[in-house]
Amino acid sequence: MVPDELYPHEAMLRAWLASRFPSISDFEDLIQEAYVRTVKRSRNKHLTAPKAFLFAIARNLCIDILRRDKVIRFEFLGELDSLAVIDKVKGIPERVIDKEDYEILTKAIQSLPKKCRRIFTLRKVYGLPLKQIADELNISVKTVESQISIGIKKTREHFMKLQDEVS
Amino acid sequence: MSDPGNKSPSSFSEEQIEQASQWVARHERGLSEEETRAFERWLSENPINEACFFEHQVAWASFDVMDEWKPAYISPPNPDLFESKPKSMWRKFAPYGRLAAAVLLGFFLLQISLQKTGDAEMFVATIYRSQTNEKHFLDDGSSFQAGDKTFKASGEMGLRDIRIAEAVYKSAAKGGVSVEV
């Protein structure tokens, strides 16, 4: 019952996004899209932290939109109908935004030190338990855990930097 | 739980960031009863701790969708799936190789074909004008194939303007360069 769990967080999500992306004036469609994706995801996979997942999806959608706006504004600078173009881009089909989303995450994971990156890949792509990751890489579970901790810190910094760049 | 969403992400201390990221990693492994109590204590110590934990939880949850990249046709997990491929040595140095080859080619042509056609002060020389697509072989077996209006040089003594275009140079040396300019 993910929607029931998530809807009470809408006001918080709105405030969270507004504090990070002040240049976006209307989060309505974006939040709805984030809800749809989270619910869709929860139907197929178990979400260990649905609220965090919802917020992460919403943040990525904001980054997508701002990055896209920047590119379009640059390319169509001086064009009379540039604003119409931007509006159209915001309503771009979900599949394209997904691709952008993947690009953001790929860059985030590639920014990690090698050991961190390998552990992130085994955990998040292949879903291996920490013990199996430790065996696979010939390291201790404790090391896996501490590398995850390092990676989390670094990826958070990476996302913050990305937010600053697009805002 | 309080509202962690409105706390500024930059207002966390280094210690809070360190602890929050560790707690997220421990949650991933699974908390023991003792750890659960310790985590709850840590949260209740300071409301900012909860916000900081949530920020890191969001960072970690961002990657939940990555399982969609899992290659269906490869059974052993590949930890280097996202490794950035370094540029090969050839690709790295290729621009310098091309430049060096072009300079050598120009120098060679200057040596073999320079013709003085005017007075001593000023000359205009055609270094080489080949027939289109005619292939020329050098002593070492290297070759170059020139297009129409390929090579032209002019200028005063000591000041030469060499233009090279539409030439294909192939070195005879093993592993040598092949260059198109």
Discussion item. Give me the percent relative contact order of region A:111-167, please, defined on Cα pairs under 8 angstrom at least 6 residues apart.
Written reply: 38
Worksheet entry | Enclosed volume per residue, in Å³, of the convex hull spanned by Cα atoms of region B:4-69 | 91
Discussion item. Averaged over its residues, how many other protein chain Cβ atoms are within 10 Å of peptide A:114-127's Cβ atoms?
Written reply: 6
Worksheet item: For A:S25, A:S146, what's the fewest-to-most ordering of other Cβ within 10 Å of each Cβ?
Response: A:S25, A:S146
Item to complete: May I ask you to sort A:K115, A:K99 by Cβ crowding, counting other Cβ atoms within 10 Å and putting the fewest first?
Response: A:K99, A:K115
Worksheet, complete the sentence: Listing A:E28, B:E35 by rising number of other beta-carbon atoms within 10 angstrom, fewest first, gives A:E28, B:E35
Response to the item:
For region A:111-167, the percent of all C-alpha pairs falling in each 5 Å bin, from 0 up to the bin holding the max distance, is 4, 20, 28, 20, 11, 8, 5, 3, 0
Worksheet item: Using the Cβ atoms and a cut-off under 11 Å, what net charge is assigned to the surroundings of A:P129, where Lys and Arg are +1 and Asp and Glu are -1?
Response: 0
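All of the numbers you see were taken from the coordinates with simple rules; none came from a lab. Keep in mind that what you see is a predicted model, and the values were worked out from it rather than measured. Every residue, glycine as well, gets a Cβ built from its backbone with ideal geometry; the counts of neighbours run over all protein chains shown.
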